[in-house]
Amino acid sequence: MKILPHSFYNRPTLTVARELLGARLARILDGVKLVGVIVETEAYIGEEDLACHAKAGLTRRTAPMYGPAGRAYVYFSYGNHWMLNVVTEREGFPAAVLIRAIQPVEGVEVMLARRGGRDTLGPGKLTQAMGISKSENNVNLTESTSGLWIEAGEFIPEKSVTKSARVGLNKTPEPWLSKPWRFLAKDIPAIASRKTAK
């Protein structure tokens, strides 16, 4: 499969978030290739976006977001979940797409075992299934040598995509709370009846 290049990510974040639906998140874990089709994403754009970590400016934690497009930004959330983001847009402008859910298609048994038979429809769930943690922070997702990359997949048509407000923003003020920057592939069998990845 063709790995998505730097130029794919060096574009407006909302475009990247939408077009990542249907792409294949790939990982080599203990010599086994694990692949999941991306079925849900969220966009976070710049220091003005009060739901984005970059609202705090350039810090040790947010540094990857200011780096080259196509890098991973992995952070720990709620005390027990790793979250995988893909850095977007020009270097120096902090923006990223959170990968919220995948549908396993290769190495399914391994991912199911790592999840205790449960699904991968949630950002912390997919990182657990694929063994993604702090070690993958800031790796280059545009080359396979990193052990974590994203491959081109099948395009998901507009009729099969829903847009809504981002999830779990708590006390984030408007208009950022209600920005329709979450993209969900609604007709994928595993999530056809699901509204929100927790």
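Which residue pairs have Cβ atoms closer than 9 Å, lie 6 or more positions apart in sequence or on different chains, and pair a first residue in region 85-114 that is crowded, with 24+ Cβ neighbours inside 10 Å with a second residue that is aromatic (Phe, Trp, Tyr) and not in a strand (DSSP E or B)?
From region 85-114, the pairs are Val86/Tyr9; Val87/Tyr9; Val87/Tyr66; Thr88/Tyr9; Pro94/Tyr66; Val97/Tyr9.
Quick check on my filter: what residues within region 138-178 are in a helix (DSSP H, G or I) and either of a type in the set (Asp, Glu) or closer than 17 Å to Ala23 by Cβ (or both)?
Across region 138-178, the qualifying residues are Ser144, Ser146, Glu158, Ser160.
Of everything in region 9-56, what is touching a Ser or Thr at 6+ places or on another chain (Cβ under 8 Å) and free of Cβ contacts under 8 Å to residues at least 12 places away in the same chain? Give them in sequence order.
Ala56, the sole residue that qualifies.
Could you list all residues from region 1-23 that are farther than 29 Å from Met111 by Cα and part of a loop (DSSP other than H, G, I, E, B)?
Hits for region 1-23 are Asn10, Arg11, Pro12.
Any chance region 16-29 includes a residue that's over 14 Å from the mean Cα position of the chain (by Cα), more than 11 Å from Ile99 (Cβ to Cβ) and among the basic types (Lys, Arg)?
no
Does region 24-47 hold any residues that are of a type in the set (Gly, Ala, Ser) and either assigned to a strand (DSSP E or B) or crowded, with 24+ Cβ neighbours inside 10 Å (or both), and which are they?
Within region 24-47, Ala26, Gly36, Ala43 meet the criteria.
For region 93-117: of the residues being in contact with a helix residue (DSSP H, G or I) (Cβ under 7 Å, 6 or more places away or on another chain) and part of a loop (DSSP other than H, G, I, E, B), which is nearest to Thr13 (Cα to Cα)?
Pro94
Any residue in region 154-167 that is at pLDDT 95 or above sitting within a Cβ distance under 7 Å of a residue that is surrounded by 15 or more Cβ atoms within 10 Å (Cβ to Cβ) and of a type in the set (Asp, Glu)? List the pairs, counting only those 6 or more apart or interchain.
Arg166/Glu42
From the list Trp181, Trp149, Trp176, which one is at pLDDT 90 or above, touching a Lys or Arg at 6+ places or on another chain (Cβ under 9 Å) and farther than 26 Å from Lys55 by Cβ?
Criteria check complete, one pass: Trp149.
The values are calculated or read from the model by the stated rules, or taken from the named source; none is laboratory data. In this text the structure is predicted, and so the values were computed from the model without any measurement. Every residue, glycine as well, gets a Cβ built from its backbone with ideal geometry; the counts of neighbours run over all protein chains shown.
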